[in-house]
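S.K.: My questions all concern the structure below.
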Amino acid sequence: MLLGGGIVAGTYLRVTRGGFGKRWRVCFFLLAIAGIALAFRLMAIRYLESPTERAYGVPFVIAGGLLEHGRWADGGVGLYMPLPFFADIAFGVAVCMAPLAILTFLRPHIARL
């Protein structure tokens, strides 16, 4: 979560304070929204861990299920469930924000060439 938050915060600071135009800020917010949508899509992925156990969420599991008497019993993974949820959100936003972060970091260096 810290890495994702660092990427987003650093990119936001470079876009707002680095002399970038309004289009860069719009692109930042559009990528943040796309990252949140990606995170929710990744949390909806269901996969089998074994023939009797399944999990929801990639890369961090937010819920699980157990096959009992021929029926699936699904539920959260425990009281710490908000942490993987927020980690998935941070991952999705950071993945979508990475190209903009790289461009905002390299733009001043390319301008000097």
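S.K.: Scan (1) surrounded by fewer than 14 Cβ atoms within 10 Å (Cβ to Cβ); (2) closer than 30 Å to residue 107 by Cα for the single condition residue 66 breaks and write down its number.
M.R.: Here residue 66 clears every test but (2).
S.K.: Considering the stretch 11-37 alone, what residues qualify as being modelled with pLDDT under 90 and of a type in the set (Phe, Trp, Tyr)?
M.R.: 20
S.K.: Between 12, 47, which is of a type in the set (Ser, Thr, Tyr), without any contact (Cβ under 8 Å) to a residue 24 or more places away in the chain and not in a strand (DSSP E or B)?
M.R.: Details: 47 fails: not in a strand (DSSP E or B).
After ruling out the rest, the residue left standing is 12.
S.K.: Okay, moving on. I'd like to verify a number: residues in the stretch 1-48 that are closer than 26 Å to residue 61 by Cβ, among the charged types (D, E, K, R) and crowded, with 17+ Cβ neighbours inside 10 Å, how many?
M.R.: 0
S.K.: Looking only at the stretch 63-85, how many residues end up being under 19 Å from the mean Cα position of the chain (by Cα) and either under 21 Å from residue 97 (Cβ atoms) or without any contact (Cβ under 8 Å) to a residue 12 or more places away in the chain (or both)?
M.R.: So the count comes out to 5.
S.K.: Residues in the stretch 72-113 that are at pLDDT below 75 and over 15 Å from residue 61 (Cβ atoms): how many?
M.R.: Applying the first criterion (at pLDDT below 75) to the stretch 72-113 yields 76-81, 108-113.
Now drop any that are not over 15 Å from residue 61 (Cβ atoms), which leaves 108-113.
Residues that pass the stated criteria total 6.
S.K.: Right, another one. Identify, from the list 19, 6, the residue that is part of a helix (DSSP H, G or I), under 21 Å from residue 104 (Cα atoms), without any contact (Cβ under 8 Å) to a residue 60 or more places away in the chain and not polar (S, T, N, Q).
M.R.: So the residue among 19, 6 that is part of a helix (DSSP H, G or I), under 21 Å from residue 104 (Cα atoms), without any contact (Cβ under 8 Å) to a residue 60 or more places away in the chain and not polar (S, T, N, Q) is 6.
The values are calculated or read from the model by the stated rules, or taken from the named source; none is laboratory data. All figures in this text were calculated on a predicted structure; none of them were measured in a lab. Neighbour counts run over all protein chains shown; Cβ positions are idealised from the backbone, glycine included.
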